[in-house]
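Asks: One structure coming up, written as structure tokens, with questions to follow.
The values are calculated or read from the model by the stated rules, or taken from the named source; none is laboratory data. Keep in mind that what you see is a predicted model, and the values were worked out from it rather than measured. Ideal geometry is used to build each Cβ from the backbone, glycine not excepted, and the neighbour counts take in all protein chains shown.
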Amino acid sequence: MKTKTFSILISIAAISAAFAVDVRDVTLQQRWPWSRLIDVEFVIDGEAGSNMRYDVALEAKNGSDVLAVPTAAILGNRSALASGVHVLTIDPVAAGFPDTVLTRFNVTVTASNSPAYMIIDLTTGAKTYTYDWSDTTWCNTDEYKSDKMAFKHIPAGTFGMGYIGTLPSSTDQTNHQVRLTQDYWLGVHEVTQTQWNKLMGTWPSYFSNVTDRAYRPVENITLTQIRGAWNVARFACPDTSFIGILAARSGLTMDIPTEAQFEYAQRAGVTVNYYMGITSMITAQSYIRFRENAGGYNYDSYQKLDLRNLTIAEGGTADVGHYPPNAWGLYDMAGNLWEVVYDKGGYKDTTAQIDPVHVPDGTVLEIHGGCFNSPFGSWVYNTSRSTWNCTAVKWEIGFRVMAEYEVK
């Protein structure tokens with residue numbers, strides 16, 4: 001049997017190049033003969049004393065002949081890198097390099113500033129960016145809950161998804177490894193009633209107190225209004241939906257996040273079950289909107305009570321951003337409203353996954369994160385999940401927007 005082999009002879013030093021930041025000391029080392037993988041080590045010299053991070057790109061050549069290196073063939077993070085030493089690994093088999101000895105193999109490494117936040121003007125669709133990764137509270141103002149929408153850059157990574165230990169609910173998943181290979185943008189806040197009105201021209205929410213509805217999250221809406229019906233393909237949101245309008249206006253590829261994208265961002269590096277590591281209900285009241293600090297009403301009987309005009313102080317939902325953000329600068333990732341995600345309802349994974357997407361096969365979708373009507377101990381933690389028949393409107397369910405990210 002003939003075995004396909006690759007040998008890389010590096011006869012020309014790897015080339016470093018720079019864009020807005022210096023890349024130096026680029027070296028190549030193939031793990032031959034025990035492995036075909038090629039390690040590319042380099043040093044990023046960023047702006048001294050800054051809180052900047054950097055995206056890098058690789059170009060591989062054999063002499064002057066460019067060799068295509070698809071993203072899937074590069075192992076390691078290429079975005080949001082701090083100054084210092086980094087290693088990326090090229091898999092020549094996955095890259096489809098020719099089955100020959102490459103005698104003049106070289107790699108160019110370029111770097112550029114990695115944006116921490118993207119801001120979209122909801123009227124014009126114009127986009128602006130900020131680059132300071134240390135400040136996570138600057139966008140928690142009325143401007144970014146009404147006329148504009150702020151998105152955080154979420155770098156690719158691996159995390160443990162699902163509950164560790166005995167499951168608290170039959171809906172939960174056991175903990176399993178998930179690798180997200182692509183960066184993405186995620187809305188800093190749940191979409192507000194004012195933002196909804198700006199694009200859709202309506203005020204549909206149950207909590208409709210005119211005095212303080214403006215920055216409460218929008219609810220009482222269908223999936224069709226949010227992003228299109230359950231059978232609309234991902235990133236194909238019609239221009240009659242909120243996300244479809246925003247995508248067309250901004251020129252971005254947008255949808256709701258998958259559940260894996262949501263939980264990864266919700267955890268923000270936290271490996272324990274509870275949101276932000278909070279296990280005390282007393283402490284949680286300063287960080288999360290849930291049943292015990294949302295007025296103490298019997299919300300399950302709300303049809304009999306008529307709570308529509310509750311003020312925020314009295315109960316129901318809170319203004320988005322009322323509580324502190326998690327470590328990645330995202331607000332209300334637990335509590336306030338359940339958030340719908342792009343996965344069919346009731347799926348469960350038990351083995352390691354890469355970029356999981358469970359395409360909806362009916363009107364029932366997953367929702368994640370608990371809400372103002374969720375008891376703290378039962379429903380407000382990193383893995384809390386339930387389902388929603390997306391043809392019905394619910395005062396407990398809202399959403400935030402996700403957009404694809406490209407390393408520049």
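Asks: Among the strands (runs of 3 or more DSSP E) confined wholly to region 125-175, which include 1 or more residues that are among the charged types (D, E, K, R) and within 17 Å of the chain's Cα centre (by Cα)?
Replies: Details: elements: 127-130, 148-154, 157-161.
Filter on region 125-175 gives 148-154.
Asks: Scan (1) farther than 21 Å from Asp212 by Cα; (2) crowded, with 18+ Cβ neighbours inside 10 Å for the single condition Ala352 breaks and write down its number.
Replies: (2)
Asks: Here is a list of conditions, (1) surrounded by 15 or more Cβ atoms within 10 Å (Cβ to Cβ); (2) over 30 Å from Arg36 (Cβ atoms), and Arg78 meets all of them except one; can you say which number that is?
Replies: The one condition Arg78 does not meet is (2).
Asks: Determine which member of the set Val218, Val272 is among the hydrophobic types (A, V, I, L, M, F, W, C), surrounded by fewer than 17 Cβ atoms within 10 Å (Cβ to Cβ) and either within 21 Å of the chain's Cα centre (by Cα) or under 26 Å from Tyr347 (Cβ atoms) (or both). Can you show your working first?
Replies: Details: Val218 fails: surrounded by fewer than 17 Cβ atoms within 10 Å (Cβ to Cβ).
Residue meeting the stated conditions: Val272.
Asks: Which number in (1) touching a helix residue (DSSP H, G or I) at 6+ places or on another chain (Cβ under 7 Å); (2) crowded, with 19+ Cβ neighbours inside 10 Å; (3) in a helix (DSSP H, G or I); (4) not aliphatic (A, V, I, L, M) marks the one condition that Cys237 misses?
Replies: Of everything listed in (1) touching a helix residue (DSSP H, G or I) at 6+ places or on another chain (Cβ under 7 Å); (2) crowded, with 19+ Cβ neighbours inside 10 Å; (3) in a helix (DSSP H, G or I); (4) not aliphatic (A, V, I, L, M), Cys237 misses just condition (3).
Asks: Continuing with the same structure: Within region 190-209, identify whether any single residue is in a loop (DSSP other than H, G, I, E, B), in contact (Cβ under 8 Å) with a residue 40 or more places away in the chain and farther than 21 Å from Gly369 by Cβ, and answer yes or no.
Replies: Initial filter on region 190-209 (in a loop (DSSP other than H, G, I, E, B)): 190-191, 201-209.
Now drop any that are not in contact (Cβ under 8 Å) with a residue 40 or more places away in the chain, which leaves 190-191, 204-209.
Those left that are additionally farther than 21 Å from Gly369 by Cβ: 208-209.
Scanning region 190-209 turns up at least one residue that is in a loop (DSSP other than H, G, I, E, B), in contact (Cβ under 8 Å) with a residue 40 or more places away in the chain and farther than 21 Å from Gly369 by Cβ.
Asks: Say we look at region 342-369 and pick out the residues that are in contact with a Phe, Trp or Tyr (Cβ under 6 Å, 6 or more places away or on another chain) and of a type in the set (A, V, I, L, M); which of these is farthest from Thr171 (Cα to Cα)?
Replies: Filtering region 342-369 for residues that are in contact with a Phe, Trp or Tyr (Cβ under 6 Å, 6 or more places away or on another chain) and of a type in the set (A, V, I, L, M), the one farthest from Thr171 (Cα to Cα) comes out as Leu365.
Asks: I'm checking my understanding of the structure. Among residues of region 45-77 that are over 26 Å from Tyr129 (Cα atoms) and of a type in the set (Gly, Ala, Ser), which one is modelled with the lowest pLDDT?
Replies: Ala72
Asks: May I pose another question? Quick one: which residue in Ala236, Ala214, Ala247 is within 16 Å of Ser146 (Cα to Cα), in contact with a strand residue (DSSP E or B) (Cβ under 9 Å, 6 or more places away or on another chain) and of a type outside the set (Ser, Thr, Tyr)? Don't jump to the end; show me each part of the working.
Replies: On the way: Ala236 fails: within 16 Å of Ser146 (Cα to Cα); Ala247 fails: within 16 Å of Ser146 (Cα to Cα).
Exactly one of Ala236, Ala214, Ala247 is within 16 Å of Ser146 (Cα to Cα), in contact with a strand residue (DSSP E or B) (Cβ under 9 Å, 6 or more places away or on another chain) and of a type outside the set (Ser, Thr, Tyr), namely Ala214.
Asks: Could you tell me whether Ser169 is in the same structural domain as Arg385 (by TED's automatic domain parsing) and in contact with a helix residue (DSSP H, G or I) (Cβ under 6 Å, 6 or more places away or on another chain)?
Replies: On the way: in the same structural domain as Arg385 (by TED's automatic domain parsing): yes; in contact with a helix residue (DSSP H, G or I) (Cβ under 6 Å, 6 or more places away or on another chain): no.
Spelling it out, it is not the case that Ser169 is in the same structural domain as Arg385 (by TED's automatic domain parsing) and in contact with a helix residue (DSSP H, G or I) (Cβ under 6 Å, 6 or more places away or on another chain).
Asks: Same structure, new question: Select from region 21-60 the residues that are of a type in the set (S, T, N, Q) and part of a loop (DSSP other than H, G, I, E, B) and write down the one among them that is surrounded by the fewest Cβ atoms within 10 Å (Cβ to Cβ).
Replies: Pass one, region 21-60, residues of a type in the set (S, T, N, Q): 27, 29-30, 35, 50-51.
Subsequent filtering for residues that are part of a loop (DSSP other than H, G, I, E, B) retains 35, 50-51.
Values: Ser35: 11, Ser50: 13, Asn51: 13.
Looking at residues that are of a type in the set (S, T, N, Q) and part of a loop (DSSP other than H, G, I, E, B), I get Ser35.
Asks: Oh, and also: Are any residues in region 338-387 farther than 21 Å from Arg216 by Cβ and among the acidic types (Asp, Glu), and if so, which ones?
Replies: Once the filter is applied, which keeps residues that are farther than 21 Å from Arg216 by Cβ and among the acidic types (Asp, Glu), region 338-387 yields Asp343, Asp349, Asp355, Asp361, Glu366.
Asks: Let me ask you something else. Of the residues Val357, Val340, only one is surrounded by 18 or more Cβ atoms within 10 Å (Cβ to Cβ), touching a strand residue (DSSP E or B) at 6+ places or on another chain (Cβ under 8 Å) and either touching a residue at least 60 places away in the same chain (Cβ under 8 Å) or within 21 Å of Tyr215 (Cα to Cα) (or both); which?
Replies: On the way: Val357 fails: surrounded by 18 or more Cβ atoms within 10 Å (Cβ to Cβ).
Only one candidate passes the filter, namely Val340.
Asks: Here is a further query. Go through region 28-66 and count every residue that is out of contact with any Phe, Trp or Tyr (no Cβ under 8 Å at 6 or more places or on another chain) and basic (Lys, Arg).
Replies: Adding up the residues that qualify gives 1.
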